[in-house]
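Notes for the one structure printed next.
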Amino acid sequence: MNSVLAVEDLTVTVRDKTLVQDVSLTVDPGERVGLIGESGSGKSLTALSVMGLLPEDVHASGSVRLAGVDHDLIGADERRLSRVRGRQLAIVFQEPMTALNPTMRVGDQVAEAMLIHDTVPGRRAARAAAIELLGRVQLPDVLRAYPHQLSGGQRQRVVLALALANDPSLLICDEPTTALDVTVQAMVLDLIVRGVTDRSSALLFITHDLAVVATVCQRVLVMYGGRIVESGPVNEVFTSPRHRYTQGLIAASDLESADRRLPTIPGNVPAAGQFPNGCVFRTRCAHATEICATAPPWSGTASRGFACHHPAPALEPADA
Amino acid sequence: MPDPTANHRPSDLSVADPAIRVVDVVRDYPRPRTSLLRPAPVVRALRGVSLEVQAGERFGIVGESGCGKSTLLRIIAALDRVTSGQVVVEGTDITHLPERRLRFLRENLQLVFQDPMSSLDPRMRVRDIIAEPLVVQGHPASGERVRELLEAVGLSADAGDRYPHQFSGGQRQRISIARALAPRPRILIADEPVSALDVSVRAQVLNLISDLVDELNLTLIFVSHDLSVIKHVCDRVAVMNAGEIVETGPTGDVYAAPAHPYTRRLVSSIPTLPRALAGATTADLLSGTPSDPPKGALA
């Protein structure tokens, strides 16, 4: 096994509802992988399962292995997980204010991340490293600032500096720029890509924004209804989507075409646990037939494939 | 009725009158004093904004958070007052009109807000929410009209019996739109109406707004931080930055050839699928030039 992250048959349930089903994915060293889906698709739950941060009554089963960690992350106790989190595995959430400690100066928070994992020899070295890390995210003078004194974009950059402090082998970003303005988003995205490239870290980037994924990532996984419905290199998936959901999603987000009316996906995303059995997309799919009541098998390889009974023909233009 | 605004009903409206005219509007918000010796600091939310929206036009306002676009909307809707300047809606100067004379505006100009959960009363049934603008303005609220509105926004008639929390985000936004259309307004103001929605639902709501504006001959003011959404919906756009309009023009032109440096930065920051598939990286988003000459063309 040489991938950084290997998730196998991850299933997340809460009481009798299944929220994520049979999700398998791998992230190779230095690879940037995007996970896209609309709200309720299970993309954030997948990330939280990897981090071991699921809420109390939500249960994950399956296997999550991380390179350099000799145990499965699913079912590992808090003591072992906390050694991994912030060291080999780091996450940037959407809302930076809740990720930062409001009563601590940001410089101390960045230094603390390194002191906890003993990756620096002492307090003075930690402080120097924190200054350098904050400088790299273009925040040279905020060492003594409190989070509330910073803007949203600045806070998100502090969180990024914190996440990258121990050179993690995998950085997970869960909608890191959704709350930011576009010009600030551009800057944060660039810092994320530069940060993981400099460290040869792998990136798992979760978002609902197709254009952001296409700009940041090399490979993309499309989630709907708690399952991965399609995966492949960004260029292939976005120019020649095979799953009908991916096809609809790309058409619906194509604001560039001159036409006034956008192609839409009929209906709404069902509530969690209310997805149909068989193909999860069949209730909104124009191509659905009786066979869609059985779960579609995965066609193609692990790196490029889809799960659909009536796939779109290959090499069809994205806006067809 | 000795109401001066009555002179300005649509029958008297000359053809040349713009639907909305904003002239050199300034809005200062005083902040609490921080010192006994110095005057209270002032936030200059709008610094001399002028614009004209013609009747039937689809006008977009784009800008980032804090640029003053919401303040401008509130002033146009007479929910806030100017520090100086003038606002004329359908030929009537509303700048200093008292609330009791604003009835014509409350009927003719309606708003759709960003967050449909906080702009719909959770304790009211949907049919009462939609009928409320009619009731408030003293019209009889007929079940007929409510059903008609529900149908117009693509909701089933029995949706009227339910409460807002029983609907998804996109459906709630449809309810907000139905409520806004209830008094048969001529001007519809949409403040970030699709920013909280998923991509597949966003397309539905954008189509709905587009169709209704066409069918009902509305004047649309569409505010968003997302220039690509504005480009899709609007004919003309004003770009706001730090309380000023830095650029105005036909949407296609502003998008294709932005003149002001801020607009250039804004346009180049927007990640788009075609650009990304053509090889644009995050560094290109920062470069400050639109990526049509994709690489190596740093400003």
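Values in this text are rule-based calculations from the coordinates and carry no lab data. Everything quoted here is computed from the prediction, not taken from an experiment. Because the Cβ atoms are built from the backbone with ideal geometry, glycine has one as well, and the counts that use them run over all protein chains shown.
General remarks:
- For chain B: relative contact order, % (alpha-carbon pairs under 8 angstrom, 6 or more apart): 20 percent
- Evaluated at q = 0.07, 0.11 Å⁻¹: base-10 log I(q)/I(0), Debye formula over Cα of chain A: -0.29, -0.71
- Across the range B:91-171, Cα-Cα pairs farther apart than 22 Å form 34% of the total.
- In terms of Cα atoms, the Rg and Dmax of the range A:5-114 work out to 15.0, 44 Å.
- Here the relative contact order of chain A, from alpha carbon pairs under 8 Å that lie six or more residues apart, stands at 21 percent.
- Disulfide-incompatible cysteines by the Cβ rule (no partner under 4.7 Å) in chain A: A:Cys173, A:Cys217, A:Cys285, A:Cys308
- Proportion of all alpha-carbon pairs of the protein assembly as shown beyond 30 Å (%): 59 percent
- If you bin all the Cα-Cα distances of the range A:167-304 at 10 Å, starting from zero, the percentages per bin are 10, 34, 36, 16, 3, 0.
- Each of B:Ala159, A:Phe275, A:Ala128 was scored by the projection of its Cα onto the charge dipole of the protein assembly as shown, and the greatest displacement toward the positive side belongs to A:Ala128; charges sit on the C-beta of Lys, Arg, Asp and Glu.
- Hull shadow area, averaged, the range A:232-306 [alpha-carbon convex hull, nm²]: 6.1 nm²
- Take every pair of alpha-carbon atoms less than 8 Å apart whose residues are at least six positions apart; their mean separation over the length of the range A:232-306 yields a relative contact order of 29 percent.
- Neighbour counts of other Cβ atoms within 10 Å put A:Tyr146, B:Tyr262 in the fewest-to-most order A:Tyr146, B:Tyr262.
- Cleavage-rule hits, trypsin sites (Lys or Arg not before Pro), the range A:1-52, DSSP coil, Cβ neighbours within 10 Å at most 14: A:Arg15
- Hull shadow area, averaged, chain B [alpha-carbon convex hull, nm²]: 19.4 nm²
- Total lysine pairs in the protein assembly as shown at Cα distances under 30 Å, for residues eight or more apart or on different chains: 4.
- In terms of the mean number of neighbouring beta-carbon atoms within 10 Å, the peptides B:83-91, B:188-196 order highest first as B:188-196, B:83-91.
- Two-site FRET efficiency, B:Arg101 against A:Val14, from Cβ-Cβ distance with R₀ of 41 Å, rounded to 0.05: 0.15
- Distant-in-sequence amide H partners of B:Glu57 (H built 1.01 Å from N, under 5 Å): B:Leu220
- Counting every alpha-carbon pair across the range B:14-144, the share separated by more than 17 Å comes to 68%.
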